[in-house]
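Written out below as structure tokens is the structure these notes cover.
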Amino acid sequence: MFYYVYLLKATNKGVNKSYVGYTNNLKLRITKHNSNKGAKSTKGYKWLLIYYKKFKTKSSAMSYEYKLKKNYTLRKKIKNFSALNEKN
């Protein structure tokens with residue numbers, strides 16, 4: 001089994017919000033976020049997956065999730081890179 005750390009970006013107009021999480025089923029987790037059954041802070045928004053990274057262990061995924069949640073500079077770089085790719 002693999003674990004994934006992911007970064008979501010809200011697609012609602014005029015909203016600049018992102019969310020970092022981890023899961024062992026990426027597709028199901030994003031579906032839950034978009035159906036208001038995800039984390040409390042994600043409810044009421046529509047989400048787009050803009051980044052994910054795969055891990056072999058839960059502990060390594062949780063460690064990276066913690067680092068990504070706290071590192072706003074890295075999150076901003078990923079969001080900006082994603083925005084550039086959307087335009088191309």
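Rule-based calculations on the coordinates, nothing more; no lab input. None of these values were measured; they are calculated from a predicted model. A quick note on method: Cβ atoms are made from the backbone with ideal geometry, for glycine too, and the neighbour counts reach across all protein chains shown.
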**Prompt:** [x] 1.19; [y] 1.02; [z] 0.95: which one is Rg/Rh (Cα atoms, Kirkwood Rh) as calculated from this entry?
**Reply:** [z]
**Item:** lysines with Cα under 21 Å of LYS53, excluding same-chain neighbours fewer than 8 positions away
**Value:** LYS9, LYS17, LYS27, LYS32, LYS67, LYS69, LYS70, LYS76, LYS77, LYS79
**Prompt:** Under a 5 Å amide H to amide H cut-off, with H placed in plane at 1.01 Å, what residues pair with TYR51 once short-range neighbours are removed?
**Reply:** LEU7
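Note down the net charge around MET1, summing +1 for each Lys or Arg and -1 for each Asp or Glu among other residues with Cβ under 10 Å from its Cβ. If you can, show how the numbers build up before the last one.
Numbers: positive: LYS56, LYS58; negative: none.
Within the 10 Å Cβ shell, the charges total +2.
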